[in-house]
Every structure is written in structure tokens, then in C-alpha cells.
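Novice: This is the structure I have questions about; it appears just below.
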Amino acid sequence: MPAGKQKLGYLEGWLSIVLNTLLFGVKYWAGGRIGSVSMVADAWHTLSDTLTSVVVIVGFWIMAKPPDDRHPFGHARAENIAAIIIGVLLAVVGVFFGWESVQRLLEHKAVSFSLFAILVFAASVVLKEGLALFAFWAGKKAGSQAVTADGWHHRSDAIASALIVVGALAGRRLWWIDGALGVGVSLLILWAAVGIVRSSSSILLGEAPDEGLKRAVLAVVKQEYPLVDDVHHLHLHRYGSNMELTLHLRLPPAMSVGQSHEISHRIEERLRSELKLEPTVHIEPWGA
């Protein structure tokens, strides 16, 4: 794994741990003082961001390990496993506080928000959205699913805090606003969890090459040897930022083994250089 990618992952992870731990303490104290289930739920959501950032750091540590006999392709898929763990942690938080919020509604419990609590959560919106933007930038720069997933975790927390601020301003007139916002926050958390788990699981299960990559591969093949009759059986395997591509080509049956090998070798070199992937070209005769 490139050193720059690892440094970005560690930086985002440690920055998130420090900031979220501080925010959790302040939010939990403010929400506990006034007995607000939505504020306490959001505080735990913030703490879950700390836990997921620990997962990001551990994932990057595993990814940095070199290939070995049992893992000849390296450990890059640890990043996707880390992202799934992040999604599962989010889902647990969402379900727990959804139940707590429904109970609050059933018991008709109202809550009075203090000015200090409102200011705390307004500040949290700004800080968490800033952290989310940094995570998105770092995830794109490093090509990291786990860091990007952590960014969505931060953004969901920022949106949740913004909803709570809005609810706090209307809380005196609407007794049910705290419980309703608690349910809304829980649904938001669950939505983020499903998206993270779905996208990371899809990569681990294996995805077909998208149309853009297919066109790019075909263009390289045709430029190197225009007489190729057919390009098919494209299989793509992702290992973090590493991509392994296999493809089949049909060439004239009278061509010698040496000639076909030379053509496949040149195509592999161009694919490796231009598309930044590791290709394996299989040659078949026309009519096969």
C-alpha cells in the first residue's frame, strides 16, 4: 500500500477520534442535564464515530502488511471489511436509539432545551461537517472506501445535530418533537449503515467491470492490434486500490505461438501503464 494513502488514513482516523471523543463528552453532558433522548442519542452517534475511526486505523494497519503465503494478493481487502464493520456499528446505534425514541413518544414525555445545549449542537454541526468534508477528500485522494464511509458517518452526525437544533427551537410548542427527532436520527443512521454495508459487500462479492472500463480496455486492444476479432470474458478483481483484470482475445488461428504471445504481452503492458491495473490476457483462435 502506498505510504501516502496510509498516512491519510491514519490522519483522518486520529483526528476523528480526538474530535469525536471531545464532542461526545460535551453532548452527553448537555443532553443528560435536560433529559433529551434525541441529544443523548446523537451523543452516542458521535461516540460511534470514534469507534469506527478506530476500525479505520486498524484496517489501514492490516492493509499495510505485505503479501504472504496465505494471502498472495496482500491484505488490501481489509479496508472493505473495516467499512462493513463501520456499517454494522452504525446499524446497532440506529436500532437502539430508535427504540428509545419510540418509548419517549409512547410515554408522552416532553423536554425543554437550554440555550447552552442548542449552542453545543449548533457547533457540532459545523465541526462534524468539516470533518466529513476532510474525510471525503482524504478518501478520494487515497482511493479508500473505509475513509469515505467514515466521512458519511460524520455527515450523518452533522445532519442529525442540525435536526436536533431545529427541533430544540420548536420544542416548547411541540411536546413530541424530541421523540420524533430521535426516530428521525435513528432512521438516518440506519440509512447510512445500509449504504456502507451494501457498497463494501458488493466489492467483496466481486463486481463486473463498468462500461467505461470496458470501452477503455477495448480501445487499448484495438490500438495495439486492430485485427483482434473479439474481446470477451472480462473479469475484474479489486484488492483495495489494486485491480486484477483477466480478458480473452480471439486471433487468427494460423498465427504462431510466439506471435500471439508477443501481441498479448504488448497489450498487457499498455493496459498496465495506461489503466493502472494488473492484466492477464488469454488468447483463443478465431472460431473457438
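Novice: Please enumerate the residues belonging to the stretch 119-136 that are of a type outside the set (A, V, I, L, M) and buried (at least 21 other Cβ atoms within 10 Å of the Cβ).
Specialist: Selection gives Phe121, Ser124, Lys128.
Novice: Mind listing whichever residues of the stretch 251-288 are part of a helix (DSSP H, G or I), polar (S, T, N, Q) and in contact with a strand residue (DSSP E or B) (Cβ under 7 Å, 6 or more places away or on another chain)?
Specialist: Across the stretch 251-288, the qualifying residues are Ser260, Ser264.
Novice: Right, next: Right, Leu131: among the aliphatic types (A, V, I, L, M) and either touching a Cys at 6+ places or on another chain (Cβ under 8 Å) or more than 23 Å from Val55 (Cα to Cα) (or both) or not?
Specialist: Taking the combined requirement at face value, the residue does not satisfy it.
Novice: Quick one: which residue in Phe116, Phe73, Phe97 is buried (at least 21 other Cβ atoms within 10 Å of the Cβ), assigned by TED's automatic domain parsing to the domain that holds Asp150, at pLDDT below 85 and not polar (S, T, N, Q)?
Specialist: After ruling out the rest, the residue left standing is Phe97.
Novice: Additional query: Write out, first by first residue and then by second, each pair whose Cβ atoms fall under 6 Å of each other, whose residues are 6+ apart or on separate chains, and whose first residue, in the stretch 200-227, is free of Cβ contacts under 8 Å to residues at least 60 places away in the same chain while the second is among the aliphatic types (A, V, I, L, M) and in a loop (DSSP other than H, G, I, E, B).
Specialist: The qualifying pairs are Val221/Val228.
Novice: While we're on this one: Output yes when any residue across the stretch 161-175 is modelled with pLDDT under 75, aliphatic (A, V, I, L, M), out of contact with any Ser or Thr (no Cβ under 7 Å at 6 or more places or on another chain) and surrounded by 22 or more Cβ atoms within 10 Å (Cβ to Cβ), and no when none is.
Specialist: Taking every residue of the stretch 161-175 in turn, at least one turns out to be modelled with pLDDT under 75, aliphatic (A, V, I, L, M), out of contact with any Ser or Thr (no Cβ under 7 Å at 6 or more places or on another chain) and surrounded by 22 or more Cβ atoms within 10 Å (Cβ to Cβ).
Novice: Follow-up. Taking the residues in the stretch 195-233 that are among the acidic types (Asp, Glu), outside any helix (DSSP H, G or I) and surrounded by 11 or more Cβ atoms within 10 Å (Cβ to Cβ) as candidates, determine which candidate is modelled with the highest pLDDT.
Specialist: Among those residues, the one meeting the criterion is Asp230.
The values are calculated or read from the model by the stated rules, or taken from the named source; none is laboratory data. Remember, predicted model here, so these are calculated numbers, not experimental data. Cβ: placed from backbone, ideal geometry, glycine included. Neighbour counts: every protein chain shown.
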